[in-house]
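Everything on this sheet refers to the single structure shown next.
The values are calculated or read from the model by the stated rules, or taken from the named source; none is laboratory data. Values in this document were obtained by computation on a predicted structure and should not be read as measured data. Here the Cβ is made from the backbone with ideal geometry for all residues, glycine too, and neighbour counts use every protein chain on show. For accessibility, only protein heavy atoms count, side chains too; no ligands or nucleic acids. Shrake-Rupley method; radii C 1.70, N 1.55, O 1.52, S 1.80 Å.
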Amino acid sequence: MNRAPLKRSRILHMALMGTSDPSGEAEASEEKPFVLRALQIALVVSLYWVTSISMVFLNKYLLDSPSLRLDTPIFVTFYQCLVTALLCKVLSTLAACCPGSVDFPTLHLDLRVARSVLPLSVVFIGMITFNNLCLKYVGVAFYNVGRSLTTVFNVLLSYLLLKQTTSFYALLTCGIIIGGFWLGVDQEGAEGTLSWVGTFFGVLASLCVSLNAIYTKKVLPAVDGSIWRLTFYNNANACVLFLPLLLLLGELQALRNFAHLGSAHFWGMMTLGGLFGFAIGYVTGLQIKFTSPLTHNVSGTAKACAQTVLAVLYYEETKSFLWWTSNMMVLGGSSAYTWVRGWEMKKVQEEPSPKEDEKSPLGV
């Protein structure tokens with residue numbers, strides 16, 4: 001009866017840590033009291049919420065703060081990738097020097113592996129760059145709606161690239177998300193706060209998030225199934241690929257003329273943004289480990305709702321009833337899609353396979 005959860009835990013642990021069999025750890029967790037397990041889950045979910053929401057607000061400050069006036073979104077993204085790659089290398093070195101104290105896979109830059117990961121790195125660059133560009137041009141309150149089409153692109157690309165069909169109920173939830181997206185765009189326009197450029201970048205970000213998920217599955221074998229190794233190679237590749245963009249777009253010149261270039265506060269905030277970028281990958285995996293992929297998606301949807309409310313309160317904005325309705329449609333459609341897909345997967349797992357039905361009493 002417990003084989004499926006143990007297998008999920010084993011796969012997740014191997015992907016995150018690059019280690020082998022955590023079955024003993026899973027058994028130990030089952031022996032923990034309910035109150036302790038509930039407290040652990042509450043702390044992990046809270047950590048995910050705080051990290052994710054803080055990263056969005058901090059990036060908005062770095063990308064579009066009137067006090068900074070820093071118009072170098074590519075450099076901000078490049079620096080965050082650089083911090084992430086360096087952190088991965090530091091943790092790998094600590095794990096080698098202090099075995100047992102730090103659990104992190106060994107990292108060595110292999111050019112052959114870097115070339116294998118390169119197609120994914122290009123998509124990864126598009127994902128993080130378009131995410132930041134969307135956040136630069138739209139408000140934090142509209143940010144989730146602006147890049148809400150990831151689920152729709154997941155369905156579309158699964159059909160076009162993987163030839164996977166989608167059920168009617170899942171398509172219905174996608175229709176609700178699209179309706180919420182267009183209503184949100186309409187209401188932003190009615191309030192005079194719509195940025196078509198930011199919305200366009202949000203759609204591209206959604207597309208890249210979907211492509212990133214597909215290419216990640218293809219590239220993982222090249223890094224022995226380790227998410228941390230993939231994170232290291234993705235960010236290392238991104239640092240190299242960003243350099244010509246910084247020159248072509250003139251951001252190095254803009255940075256040279258930046259008034260706060262020598263400010264310790266500015267570089268502290270930039271580094272903090274990189275730390276949040278690294279941490280979000282860890283706390284996401286931690287939340288899935290202590291809950292489940294389905295619960296993680298529900299938590300992400302609830303976090304997006306809280307983030308929107310916080311943004312409206314923080315920036316002292318006034319939104320119409322239809323504007324809030326668009327957000328509820330996007331969040332409700334996303335939650336419904338997660339529930340439908342979870343229910344469908346559970347139904348498939350519970351159905352007996354044809355081979356089992358065909359077996360004789362002797363097991364032949």
Within segment 122-173, list the trypsin sites (Lys or Arg not before Pro) lying in a DSSP loop whose Cβ has at most 15 other Cβ atoms in a 10 Å radius. Lys163
Within the chain, which complete DSSP H helices have Cα atoms spanning at least 15 Å along the helix axis and a mean Kyte-Doolittle hydropathy of 0.0 or higher? 3-17, 34-64, 73-97, 111-137, 150-162, 168-190, 196-219, 227-248, 264-290, 293-314
Using a 1.4 angstrom probe on heavy atoms only, work out the carbon and sulfur share of the accessible area of the chain in %. 67 percent
So for the pair Glu344, Leu322, with labels modelled 7 Å out along Cα→Cβ, what separation do we get in nm? 3.2 nm
Taking 0.36 nm per residue of separation and subtracting the Cα-Cα distance, what length does fully extending Thr216 through Ser116 add? 34.9 nm
For segment 194-337, what does the accessible surface come to per residue with a 1.4 Å probe? Please give it in Å². 48 Å²
Would you mind checking Lys60/Lys217; Lys89/Lys289; Lys60/Lys163; Lys89/Lys136 for any pair whose Cα atoms are more than 26 angstrom apart? Lys60/Lys217; Lys60/Lys163; Lys89/Lys136
If you take the charge dipole of segment 28-107 about its Cα centre, with +1 on Lys and Arg Cβ and -1 on Asp and Glu Cβ, which of Val45, Ser65, Leu94 is farthest toward its positive end? Ser65
Compute a Gaussian network model of the chain, connecting alpha carbons closer than 10 Å, and tell me which residue from Thr338, Thr51, Thr325 fluctuates the most. Thr325
Keeping all protein chains in the complex and leaving out DNA, RNA and ligands, what accessible area do you get for Asp103 with a 1.4 Å probe, in Å² to the nearest 10? 80 Å²
May I ask you to give the solvent-accessible area per residue for segment 36-156, in square angstrom, as obtained with a 1.4 angstrom probe? 43 Å²
Tell me the mean residue ellipticity at 222 nm calculated for the chain from its helices only (DSSP H runs of n ≥ 4, each -39500 (n - 2.57), averaged over every residue, nearest 500). -26500 deg cm²/dmol
Using a 1.4 Å probe, how large is the accessible area of Ile288, given in Å² and rounded to the nearest 10? 40 Å²
Let me cross-check Met328: its accessible surface, 1.4 Å probe, with only protein heavy atoms counted, in Å² to the nearest 10? 100 Å²
In whole angstrom, how far apart do the alpha carbon centroids of segment 122-137 and segment 54-109 sit? 16 Å
Can you sort Glu188, Glu350, Glu317, Glu344 by 1.4 Å-probe accessible area, starting with the largest? Glu350, Glu317, Glu344, Glu188
